[in-house]
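Asks: Following this message is one structure expressed as structure tokens.
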Amino acid sequence: MMISGRHIILLFITISTFSWGQDITVEEIWKEYTFFGSSVDGFRSMQDGNYFSKISKTGVTKHSFTDTEGSGEVLIPASALSKIRMDDYAFNSDETKALITTGTESIYRRSYSAVYYLYDLKTKQMQALDNLRSPQTLAEYSPDGTKVSYIFKNNLYIKDIASGKVKQLTKDGKRNGVINGTTDWVYEEEFSLTKGYAWSPDSKYIAFLRFDESEVREFTLTYFNELYPDQYTFKYPKAGERNSCVTAYMIKAKGGKATRIDLGKYEYIPRLKWSGTSNQLIVQTMNRHQSSLKYHLVDMTSKKMAVRTFFEEKSSTYIDVDDNLLILKDGKSILRTSESNGYNHIYLLGFDGKSTQITTGNWDVIEFMGIDEDANMIYYSSAEKGAIHKGIYKIGLDGSKKSSLSSEEGNNGAKFSNGMKYFIKTYSNANTPPVFSLCDNTGKEISILEDNAKLNETLTNYTISKKEFVLFKGHSEELNGWMIKPPNFDPSKKYPVYVNIYCGPGHNTVSDSWDGGGFAYHQLLAQKGYIVVSVDPRGTMYRGAEFKKSTYLELGKLETEDLIAVAKELQSYDYVAKDRIGIMGWSYGGFMTSLAMTKGADYFKMGIAVAPVTNWRYYDNIYTERFMRTPAENENGYDQNSPINFVDQLKGKYLLIHGSGDDNVHYQNTMEMINAMVSANKQFDLFIYPNKNHGIYGGNTRNHLYNMMLDYTLKNL
């Protein structure tokens, strides 16, 4: 696809005007949000794929993809929403009814409770979903639109819209005891699964998961709000500890006794999904090591349930679970992704167990985006141009007719309409804010929806340095990295280096994409005279399974070797002050920062560890055991890569930061690190944000946090 002239101008403005201007401040980044730009959220495809809905001043309106600027047809008038505060909406399958979400309150990272309303687009009538049992969660219309299902206090309910009658399908739900239809904390966090139930296509059955978490040990967080602090207790299975006992059930929508689905021996049920056309359900199960993934077909097309296992994938390490599971209309096969050949690719898997690879090459598929079954074309994104890039492609179901839908190097995201007729493309690169455009399924650009011209113009007022991509030698192989040099860079001078890292599975910091607040903060550091660097060591993404899984059973070991190797390489540069290399990371990055400051103490003068894991024994079991197995099975792997056990090597200035309300990486990690350093008589710095979770945000928090980290860096590096 050719870049339009308008895009060329924007790219020229962004890349070529790195001239002298004003300096960036932390307040502009995290209080005024000057560098975050605009997006085009709100486009929601209608069923036919030719229209979309969005929230407008006149209410919820319907628009053609070929006329995005029009006022559109009003589906839900603003007057109908005047007495409620709508947070979100969803239509039923024939788009004659809407489910209105109000009063949304977050529970954990992905889950929330809400007060739901039902709106009939024909009669213009609005009604509360259930005033007696409120707030609810995970409300959804049945496929035929006659009922609404929802969860209340860990039980599954159904409301018949015509009669208004409510039926309670499960009755044993109990907080910190039994969960029906939704998931426990660790499934939500590590399998990205909150909705644990699904309607059959004919609206006669509901398949659901039941979690018995009575044997899972509890963890208590203390919140400092009142005269006496509040305590919040929830189930959190740490590495090696007991999980919820999870079982799958089938129940008729009209009620009655639920029937357990016999899935054999397993530890986890990470996914369940119905066919869109027939009463066929796919259920995935995994063993505790997550090295075996089984596919089960639950057939409800006859009067008696039939269950069989039709495929199993095994790995010597682990298998990642994703959402790339699609049952085709033929009722005989599914599409899935797998790393079984060394790279992540798309496969056609028949219910007879036969697997056929569709995409091929020494590169990873990043995201399976969908299929146009009428044209037999699959749409996906991949790292074909390298791990730092993301492109959009389509390919025939038989592996032929492959073509690119995004010609630019950089980062290309896509959100497709139903039927894959159109998509909204989000393009950015490391030095260019996102451009949002509407494209057809050939990649042809129809219109620019948001070019972030205002942000581009704003950037011309500041002293900006170009982010440059580099290759570091690493401990044993080349590593992707980037570097930002001070605006007035003089190679004859010596500069301190600030290394920003994550380093863990599932996230790369070296990406040819716009980084918003992160980009601005690193520019601020460059303006202060620092060279800012990032690197993706072994264990990171999009370089094949061998590279990603090389850290198996010893998280932290190879990554630390690579960070030390990068520090040594930086020390060899004529323009680097050898004794002034610092490092900062959050979460897994905090873990790696802590290892760099202990095992790599000879190379790093300063470290800032935010919300770090300090011993994998303290983290949840699904994530930790995926990479490390249990502590009993891998004691040496846990101990030899825990910074707690190497605090005696600490030399430089070390700052620990944590939110006391972190339900993910518990404050316990920092407390135990403190105990170890006190025992070793090591001095350190500490800051705790009361009640803040893993993200450490809200109000002035981020502004305060980054001002503190900046001050610490200026004083100690």
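Asks: Over what distance in Å are the Cα centres of the range 233-277 and the range 93-147 separated?
Replies: Computed from Cα coordinates, the inter-centre distance equals 24 Å.
Asks: Would you mind checking the pairs Lys165/Lys204; Lys204/Lys329; Lys31/Lys494 and listing those with alpha carbons more than 24 angstrom apart?
Replies: From Lys165/Lys204; Lys204/Lys329; Lys31/Lys494, over 24 Å: Lys31/Lys494.
Asks: Could you work out the relative contact order of the range 84-260, using alpha carbon pairs under 8 angstrom and six or more residues apart, expressed as a whole percent? Walk me through the numbers before you get to the answer.
Replies: Numbers: 385 pairs, mean separation 23.8, N = 177.
Relative contact order of the range 84-260: 13 percent.
Asks: OK, next. Need one number: convex hull volume per residue for the range 84-260, Cα atoms only, in Å³.
Replies: Hull volume normalised by residue count: 136 Å³.
Asks: What does the charge add up to near Tyr530, with Lys and Arg as +1, Asp and Glu as -1, over the other residues with Cβ less than 11 Å from its Cβ?
Replies: On the way: positive: Lys485, Lys528, Arg580; negative: none.
That sum, taken over residues with Cβ under 11 Å, equals +3.
Asks: Please give the FRET efficiency for Asp23 paired with Gln683, using the beta carbon to beta carbon distance and R0 = 25 Å, rounded to the nearest 0.05. Present the calculation step by step, with values, prior to reporting the outcome.
Replies: Values: r = 32 Å, r/R0 = 1.29.
Computed FRET efficiency for Asp23 and Gln683: 0.20.
Asks: With each label point set 7 Å from Cα along the Cα-Cβ vector, what nm distance links Ser476 and Asp120?
Replies: 6.7 nm
Asks: What does the net charge come to around Leu595 if you take all other residues with beta carbon closer than 12 Å to its beta carbon, with K and R at +1 and D and E at -1?
Replies: Here the charged neighbours net out to -2.
Asks: Arrange the following residues from fewest to most other Cβ atoms within 10 Å of their Cβ: His507, His475.
Replies: By the 10 Å Cβ count, ascending: His507, His475.
Asks: Could I ask something else about it? Taking the range 401-463, which trypsin sites (Lys or Arg not before Pro) meet the DSSP loop condition and have no more than 12 other C-beta atoms within 10 Å?
Replies: When the trypsin sites (Lys or Arg not before Pro) of the range 401-463 are filtered for loop state and at most 12 Cβ neighbours within 10 Å, Lys401, Lys444 remain.
Asks: Report the Cα centroid-to-centroid distance between the range 509-543 and the range 35-68 in angstrom, as an integer.
Replies: 33 Å
Asks: What does the C-alpha gyration tensor say about the overall shape of the range 534-628? Classify as rounded when a/c is under 1.5, otherwise prolate if a/b is larger than b/c, or oblate.
Replies: Oblate, since a/c reaches 1.5 and b/c is not below a/b.
Asks: Taking the square root of 5 times each eigenvalue of the Cα gyration tensor, what semi-axes in Å does the equivalent ellipsoid of the chain have, largest first?
Replies: 42, 32, 27
Asks: Continuing with the same structure: Going by how many other Cβ atoms sit within 10 Å of their own, how do Lys238, Lys122 line up, fewest first?
Replies: Numbers: Lys238 20, Lys122 7.
Taking fewest neighbouring Cβ atoms as first place, the list is Lys122, Lys238.
Asks: Give me Met592, Met420, Met628 ranked fewest to most by other Cβ atoms within 10 Å of their Cβ, as a rough exposure proxy. Show your work: numbers first, answer last.
Replies: Values: Met592 31, Met420 23, Met628 26.
Listed from fewest to most nearby Cβ atoms, that is Met420, Met628, Met592.
Asks: Rounded to the nearest 0.05, what FRET efficiency is calculated for Asp144 and Asp374 with R0 set to 22 Å and r the Cβ-Cβ distance?
Replies: Numbers: r = 24 Å, r/R0 = 1.09.
With a Förster radius of 22 Å, E is 0.35.
Asks: So what is the relative contact order for the chain, in percent, with contacts set as C-alpha pairs under 8 Å and at least six apart?
Replies: On the way: 1683 pairs, mean separation 73.4, N = 717.
Answer for the chain is 10 percent.
Asks: Related question: Kindly flag which residue pairs out of Lys415/Lys466; Lys273/Lys332; Lys147/Lys171; Lys147/Lys252; Lys578/Lys599; Lys578/Lys715 have an alpha-carbon separation exceeding 21 Å in this structure.
Replies: Lys415/Lys466
Asks: Any chance you could check the Cα centroid distance between the range 389-446 and the range 185-229 for me, in angstrom?
Replies: A separation of 35 Å, based on Cα centres.
A short reminder: the numbers here are calculations on the coordinates, not readings from a lab. Note that the coordinates shown come from a computational prediction; the quantities given were computed from them, not determined experimentally. A quick note on method: Cβ atoms are made from the backbone with ideal geometry, for glycine too, and the neighbour counts reach across all protein chains shown.
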